[in-house]
Amino acid sequence: MNWIERELEIWADATLERSLRESSPVCEAPGYTESRGRLLLNMSSNDYLGLAQHPGIIDTMRKALLTEGAGSGASRLVTGNRPPYSHLEASLADWQNREAALVFANGYMANSGVISALVNRGDVVFSDQLNHASIVDGIILSRAEHARYRHNDMEHLRSLLQRYQDKRRKLIVTDAVFSMDGDQAPLLELASIKREYGAMLMVDEAHSGGIYGLRGEGLCHELGMQNDVDIHMGTFSKSFGVYGAYICGTHTLIRWLVNKARPFIYSTALPPSVVAGISKALVLIQGEHWRRERLYEASRLFRSALCTAGFTIAIGDSPIVPVLVGDNATALRFSSALESAGIAAAAIRPPTVPDGTARIRFSLSAAHTDIELTDAAEQIRTIGLQLGVLHS
Ligand SMILES: *Cc1c(COP(=O)(O)O)cnc(C)c1O
């Protein structure tokens, strides 16, 4: 086992080592986190709508816990399919205006399970270079050919579709909003390409569900191209503030997944209290449009404050705002200086992002106030100047 120590040293020397640290929620202040005894503005959470501490969701979960117990006890195909599931899946299908929905334990299992159920040896998956790791792992599991196209490069995608014309099944898969960059996939163009080449289209709405669309349906609805999406994937771990994931599509797709998606079949069903909590979050997401409005406002304000400070920030309204730093050591120093200034914002390093693009990934929440964000931008500017990331 000595090799592990040696490999870890190499990893640490390249400033790539990660370690765990504790972080607690602050119930009375949902935009904050407590770490090492200090209160920090939480700019590293995916709880975009500020629902993770919502009393209504917590109350629903507590009641379900009392009637349904702690765990589900089995896979859904055995005896784990508790009553809260059918209610949630019917609500999801209705919300997305789809025939059917299927809940998975989490987004990682949904992506890896769905992709490996849809394609196999002899097939090909066209996947954006910046897609989430769970998509990449699904492709590896499936044994299909992995055709990675350059980020959002539709010409490159077309040329790969030409090259792999002879493959049996073709699946195009993309994040709707990219998790480490906050930019959007060209979904309208992807819809026309998928029709042109007779491919299936799968869209991962992990960072856009709850945020875009009049009822938070996601970016595909906002753009009106949802009917071109064959496999719609979303999570309950980000905007929903809970845990879990889902797939929406036709009855036939869902029937296939119940029979073929191994992470669905061979894993214990989510605790029923979690499923009940998700249903409550779904009601809030559909009805409380002000949370989305607040998030757009926060995003516009924070982006423009950083631009004014001299950072290069993409225009947009996604709550994911990366500040590119470049090298790993500077990114780590930036993050710890932010912590000293009362801000929790993680340094994101390779292999999560491509080499040489280490960054601080700020994520916003509807719970952040204008003053908190303006103050944060000022601190970020000061630290940027100190570390030479910004030049005055
Ligand atoms: C977070 C994320 C996932 C995984 O979801 P979990 O529920 O956290 O496992 C999948 N896809 C994307 C794009 C994500 O950002």
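We did not get these values from a lab; they are worked out from the coordinates using the rules stated. Please read all numbers here as calculations on a predicted model, not as lab measurements. In this analysis, Cβ positions are derived from the backbone assuming ideal geometry, glycine residues included, and neighbour counts consider all displayed protein chains.
The ranking of H54, H207, H232, H289 by Cβ neighbour count inside 10 Å, starting from the fewest, reads H289, H54, H232, H207. The charge dipole of the chain, taken about the Cα centre with unit charges on the Cβ atoms of Lys, Arg (+1) and Asp, Glu (-1), comes to about 940 debye, rounded to the nearest 20. The modelled label-to-label distance for the pair E196/A90, using points 7 Å beyond Cα in the direction of Cβ, is 4.3 nm. Between R169 and S19, the simple spin-label model (points 7 angstrom out along Cα→Cβ) gives 4.5 nm. Highest GNM mean-square fluctuation among L223, L157, L39, for the chain modelled with Cα contacts below 10 Å: L223.
Toward the positive end of the charge dipole of segment 55-287, with +1 on the Cβ of Lys and Arg and -1 on the Cβ of Asp and Glu, the farthest Cα among M233, A70, S208 is that of A70. Taking label points 7 Å from Cα along the Cα-to-Cβ direction, A12 and E99 give a separation of 5.5 nm.
DSSP finds beta bridges in the chain, and of those with both partners inside it, around 55 percent are antiparallel.
Of the chain, which part is the longest with no trypsin sites (Lys or Arg not before Pro) in a loop (DSSP not H, G, I, E, B) and with at most 14 other C-beta atoms within 10 angstrom?
Details: sites that count: R18, R21, R36, R121, R143, R150, R168.
Answer from the scan: 169-392.
Only the Cβ atoms of Lys and Arg (+1) and of Asp and Glu (-1) were treated as charged; on that basis the dipole of segment 1-134 about its Cα centre amounts to roughly 340 debye. What FRET efficiency do you get for N81 and I315 if R0 is 56 Å and r is their Cβ-Cβ distance, rounded to the nearest 0.05? FRET efficiency, N81 to I315: 0.80. Go ahead and set up a Gaussian network model of the chain, Cα springs under 10 Å, then flag whichever of G198, G50, G37 fluctuates most. Judging by the Gaussian network model, the answer is G37. Putting +1 on Lys and Arg Cβ atoms and -1 on Asp and Glu Cβ atoms, find which of N46, L373, S392 reaches farthest to the positive end of the dipole of the chain. So the residue we want is N46. Between E196, E89, E339, the residue with the greatest mean-square fluctuation in the GNM of the chain (Cα pairs under 10 Å linked by springs) is E196. Look at V242, V323, V26 and count the other Cβ atoms within 10 Å of each Cβ; fewest to most, that gives V26, V323, V242. Here the Karplus relation 6.51 cos²θ - 1.76 cosθ + 1.60, evaluated at θ = phi - 60°, turns the backbone of segment 112-120 into coupling constants of 5, x, 6, 5, 6, 8, 9, 10, 8 Hz, with x for every Gly and Pro. Using only side-chain charges placed at the Cβ, +1 for Lys and Arg and -1 for Asp and Glu, the dipole size of segment 55-287 relative to its Cα centre rounds to 780 debye.
Which Cα, out of G244, A309, P322, lies furthest along the positive dipole direction of the chain (beta carbon charges, K/R +1, D/E -1)? The residue sitting farthest along the positive end of the dipole is G244.
Kindly put D94, D137 in sequence by how many other C-beta atoms sit within 10 Å of each C-beta, fewest to most.
Fewest to most other Cβ atoms nearby, the residues stand as D94, D137.
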